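Participant: The structure is given below, and queries will be raised subsequently.
The values are calculated or read from the model by the stated rules, or taken from the named source; none is laboratory data. Just so it is clear, the structure is predicted and the values come from calculations on it, not from any experiment. Cβ placement follows ideal geometry from the backbone for every residue including glycine, while neighbour counts extend to all protein chains displayed.
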């Protein structure tokens, strides 16, 4: 499906994919954390899986325009990243929750989300309503006027999700968003993800394979900075075998997929 983006700051642009990477290479220090990755993502909820050190966080940081690609091509909402790209305008259409985010402890939750809305250039006339909606969507309306320093770890994580969605982004990038959430909160979060994916491209990095199975329309598996697999959760589950490690079909399929790069590496030696 071809889409068009238009706003006062972002000129009309027609694009087929919200995220389009071709031979993308991004370094993390001296290491090539993303190494020749090809990826095309559109509307929906995409689960980003992979072992520790696979390059998931580096990939998300590059998609959030925090890290500059070292090679290849990257397009977000039809705009190529690099050169003289106006990142300020593009970032207004992106929501991003890193693994760890900073905040002013004495801010109330409402003040924190308002501040982030201001940084994202949300229209001043819309900020109050946008903040209230974001706080309500993460289930923290009753804590909106509590100081950030009084919130539990799970509440802080939900506060981070609120700031990521306050600008109603077209691309939403969430790095380990369910850390610290209890089982009931994770269920609510899955519902929120499905709702967000009805109009945006949502990429969720997680180690919780069951969350992917319950809320994602698509699975992206990376290993050693490269794309290993992309498909539906059902397709992942079908690749598993009772002999593979895992407590569910999708966990066994995930384990089987992770073994594939190792098989190729052994064959190359």
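Participant: Output the number of residues of the stretch 193-207 satisfying the condition of being buried (at least 20 other Cβ atoms within 10 Å of the Cβ) and more than 22 Å from residue 121 (Cα to Cα).
Facilitator: So the answer is 6.
Participant: How many residues are assigned to a strand (DSSP E or B) and modelled with pLDDT of 95 or more when one looks only at the stretch 1-32?
Facilitator: The qualifying residues number 8.
Participant: Tell me which of these residue 160 doesn't satisfy, since it passes every other one: (1) under 23 Å from residue 100 (Cα atoms); (2) surrounded by fewer than 20 Cβ atoms within 10 Å (Cβ to Cβ); (3) in contact (Cβ under 8 Å) with a residue 24 or more places away in the chain.
Facilitator: Unmet for residue 160, out of (1) under 23 Å from residue 100 (Cα atoms); (2) surrounded by fewer than 20 Cβ atoms within 10 Å (Cβ to Cβ); (3) in contact (Cβ under 8 Å) with a residue 24 or more places away in the chain: (2).
Participant: Taking the residues in the stretch 40-63 that are crowded, with 16+ Cβ neighbours inside 10 Å and touching a helix residue (DSSP H, G or I) at 6+ places or on another chain (Cβ under 8 Å) as candidates, determine which candidate is nearest to residue 217 (Cα to Cα).
Facilitator: 45
Participant: Here's a follow-up. Condition (residue is part of a helix (DSSP H, G or I) and under 19 Å from the mean Cα position of the chain (by Cα)) applied to the stretch 101-114: is it met by at least one residue?
Facilitator: Yes - at least one qualifying residue is present in the stretch 101-114.
Participant: Listed residues 233, 177; which is closer than 22 Å to residue 135 by Cβ, at pLDDT 90 or above and buried (at least 20 other Cβ atoms within 10 Å of the Cβ)?
Facilitator: None of the other options fit; the residue is 177.
Participant: Looking only at the stretch 61-73, count every residue that is more than 16 Å from the chain's Cα centre (by Cα) and within 16 Å of residue 48 (Cβ to Cβ) and tell me the total.
Facilitator: Result for the stretch 61-73: 0.
Participant: Further question: Go through the stretch 226-245 residue by residue and tally those that are touching a residue at least 60 places away in the same chain (Cβ under 8 Å) and either closer than 14 Å to residue 209 by Cα or over 20 Å from the mean Cα position of the chain (by Cα) (or both).
Facilitator: Residues flagged as touching a residue at least 60 places away in the same chain (Cβ under 8 Å) and either closer than 14 Å to residue 209 by Cα or over 20 Å from the mean Cα position of the chain (by Cα) (or both) within the stretch 226-245 amount to 1.
Participant: Here's something else I'd like to know. Checking residue 48 against (1) assigned to a loop (DSSP other than H, G, I, E, B); (2) touching a strand residue (DSSP E or B) at 6+ places or on another chain (Cβ under 8 Å), only one condition comes out false. Which one?
Facilitator: Going through (1) assigned to a loop (DSSP other than H, G, I, E, B); (2) touching a strand residue (DSSP E or B) at 6+ places or on another chain (Cβ under 8 Å) one by one, residue 48 breaks only (1).
Participant: Hey, can you tell me all the residues within the stretch 95-114 that are within 19 Å of residue 172 (Cβ to Cβ) and surrounded by fewer than 17 Cβ atoms within 10 Å (Cβ to Cβ)?
Facilitator: Residues satisfying the conditions are 99, 100, 101.
Participant: Sort out which residues of the stretch 65-86 are modelled with pLDDT of 90 or more and surrounded by fewer than 16 Cβ atoms within 10 Å (Cβ to Cβ), and write them in order of number.
Facilitator: Once the filter is applied, which keeps residues that are modelled with pLDDT of 90 or more and surrounded by fewer than 16 Cβ atoms within 10 Å (Cβ to Cβ), the stretch 65-86 yields 66, 68, 70, 71, 73, 80.
Participant: Related question: Among the residues that make up the stretch 137-153, is at least one of them closer than 28 Å to residue 59 by Cα, touching a strand residue (DSSP E or B) at 6+ places or on another chain (Cβ under 9 Å) and at pLDDT 95 or above?
Facilitator: Looking for residues that are closer than 28 Å to residue 59 by Cα, touching a strand residue (DSSP E or B) at 6+ places or on another chain (Cβ under 9 Å) and at pLDDT 95 or above, one finds none in the stretch 137-153, hence no.
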